[in-house]
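Okay, structure first, notes after.
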Amino acid sequence: MKRALHLNLDDAWRETDLSLPMLDARDWGPRLRFSVPLSGIEKFYTTFVSRLLPFLVYGSGDFHHLTALWLRRLACLTTVVSFDNHPDWDIRPPKWSCGGWVNRALELPQVRKVSVWGCGNFECWWPHQIFGNRRAERQGRLEVHPWADDRPASARERRGAIMRIDWQQRFLAFVKNLGATPIYVTIDLDCLRSEDADTNWESGRFTLDDLAWALSELRNATHIIAGDICGAFSPPVYARRKQRFASEMDHPKLRRLLPAEIQRVNSVTLKRLWPLLAE
């Protein structure tokens, strides 16, 4: 039985990157990118839900809010493990955006908890954290694990903070506590160093070996029932002016590799991670 699918929203992946069936949704890409109105997200879901499979490869991290749709299909209480350079916990509008999808996931009755690993940007720290879902964090339904190596000693006491020297030990303790809970794993490639992934966002601090190790630990000790990988770079195309304006204001200004090198780097990473997640 087929369990995996490439959902093509933006040509971020080539058909040769993995031997997966491809579902063409490129007409929807500009409408969904970065943010989408409620009516649009529901129409998209209704159109495609019957054709989706448990494991998905899809486009840029600008589409990461679609993971909250994929989670709707789960039939049992599940813990979501996210590897991401951003916590994606923003409580500000728009409701459906790549920066706030974790909150949509937590609204689902089948989602027990969301645990985000590898946040390397500013959103988990004062004062920017005031825009995050701190209530869910205090309640224990949301865990964020930001890198604290470059933070003052006092900041390293932040709940969930990790450092290069101890993150694997903390991750092993987390995996052990998961027990028999079914797991959904979502990976945004921006959690990786720029050497290992080229994305539309600033790069994280995990190495490819780090992420492969973490997936192996999850696979050996838990039951991964479904998952996805997104985050490969694609040139942004938008359907609405406000959508374009908000996205361009939010995105960092980055130097780009040549297209062939972008494809090469991301393809190598996908081929390393995908068997650990889905096969």
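The values are calculated or read from the model by the stated rules, or taken from the named source; none is laboratory data. It should be emphasised that the depicted structure is a prediction, and the values quoted were computed from it without experimental measurement. Every residue, glycine as well, gets a Cβ built from its backbone with ideal geometry; the counts of neighbours run over all protein chains shown. Accessible surface areas use protein heavy atoms only, side chains included; no ligands, DNA or RNA. Shrake-Rupley method; radii C 1.70, N 1.55, O 1.52, S 1.80 Å.
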Within the stretch 214-224, can you find the residues that are in a helix (DSSP H, G or I) and surrounded by 15 or more Cβ atoms within 10 Å (Cβ to Cβ)?
ALA214, LEU215, GLU217, LEU218, ARG219
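Would you mind finding the one in VAL80, VAL144, VAL114, VAL102 that is among the β-branched types (Val, Ile, Thr) and in contact (Cβ under 8 Å) with a residue 60 or more places away in the chain?
Details: VAL144 fails: in contact (Cβ under 8 Å) with a residue 60 or more places away in the chain; VAL114 fails: in contact (Cβ under 8 Å) with a residue 60 or more places away in the chain; VAL102 fails: in contact (Cβ under 8 Å) with a residue 60 or more places away in the chain.
On inspection, the qualifying residue turns out to be VAL80.
Does SER216 fit the bill of being under 20 Å from SER19 (Cβ atoms), at pLDDT 95 or above and among the small types (Gly, Ala, Ser)?
Numbers: under 20 Å from SER19 (Cβ atoms): no; at pLDDT 95 or above: yes; among the small types (Gly, Ala, Ser): yes.
For SER216, the condition - under 20 Å from SER19 (Cβ atoms), at pLDDT 95 or above and among the small types (Gly, Ala, Ser) - is not met.
Restricting the stretch 121-150 to residues that are open to solvent by less than 70 Å² (accessible area, probe 1.4 Å) and charged (D, E, K, R), which is nearest to ARG205 (Cα to Cα)?
The initial filter retains those residues of the stretch 121-150 that are open to solvent by less than 70 Å² (accessible area, probe 1.4 Å), namely 121, 123-125, 127, 129, 132-133, 136-137, 140, 142-149.
Filter again for charged (D, E, K, R), leaving 123, 137, 143, 149.
Values: GLU123: 15, GLU137: 23, GLU143: 18, ASP149: 11 Å.
Once the filter is applied, the top-ranked residue is ASP149.
Quick check on SER115: is it closer than 24 Å to LEU208 by Cβ and crowded, with 23+ Cβ neighbours inside 10 Å?
Numbers: closer than 24 Å to LEU208 by Cβ: yes; crowded, with 23+ Cβ neighbours inside 10 Å: no.
No.
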Find the residue count for the stretch 192-209, including only residues that are farther than 17 Å from GLU123 by Cα, in contact with a strand residue (DSSP E or B) (Cβ under 8 Å, 6 or more places away or on another chain) and either modelled with pLDDT under 95 or open to solvent by 50 Å² or more (accessible area, probe 1.4 Å) (or both).
1
Tell me which residues, restricted to the stretch 151-168, are under 15 Å from PHE122 (Cβ atoms) and not in a loop (DSSP other than H, G, I, E, B).
ALA155
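In the set LEU53, LEU106, which member is out of contact with any helix residue (DSSP H, G or I) (no Cβ under 9 Å at 6 or more places or on another chain) and open to solvent by 10 Å² or more (accessible area, probe 1.4 Å)?
Working: LEU106 fails: out of contact with any helix residue (DSSP H, G or I) (no Cβ under 9 Å at 6 or more places or on another chain).
One residue alone meets the criteria, LEU53.
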Can you name every residue in the stretch 1-26 that is closer than 17 Å to VAL49 by Cβ, open to solvent by 10 Å² or more (accessible area, probe 1.4 Å) and small (Gly, Ala, Ser)?
ALA4
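Looking at ALA161, is it modelled with pLDDT under 95, farther than 14 Å from HIS65 by Cα, crowded, with 17+ Cβ neighbours inside 10 Å and over 18 Å from the mean Cα position of the chain (by Cα)?
Numbers: modelled with pLDDT under 95: yes; farther than 14 Å from HIS65 by Cα: yes; crowded, with 17+ Cβ neighbours inside 10 Å: yes; over 18 Å from the mean Cα position of the chain (by Cα): yes.
Yes; evaluated as a whole, the condition is true for this residue.
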Filtered residues of the stretch 238-255 (kept if under 20 Å from LEU9 (Cα atoms) and part of a loop (DSSP other than H, G, I, E, B))
TYR238, ALA239, ARG240, HIS251
Which residue pairs have Cβ atoms closer than 9 Å, lie 6 or more positions apart in sequence or on different chains, and pair a first residue in the stretch 204-223 that is under 16 Å from ILE162 (Cβ atoms) with a second residue that is buried (at least 21 other Cβ atoms within 10 Å of the Cβ) and of a type in the set (S, T, N, Q)?
GLY204/ASN85; ARG205/ASN85; PHE206/ASN85; LEU211/THR269
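How many residues does the stretch 62-99 contain that are under 11 Å from the mean Cα position of the chain (by Cα) and not charged (D, E, K, R)? Lay out the reasoning, then the answer.
Here is the first cut: in the stretch 62-99, the residues under 11 Å from the mean Cα position of the chain (by Cα) are 62-68, 80-88, 98-99.
Next, only the ones that are not charged (D, E, K, R) stay: 63-68, 80-83, 85-87, 98-99.
Of the residues in that region, 15 qualify.
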Selection status of SER39, open to solvent by 10 Å² or more (accessible area, probe 1.4 Å), in a helix (DSSP H, G or I), closer than 17 Å to TRP96 by Cβ and among the hydroxyl-bearing types (Ser, Thr, Tyr)
yes
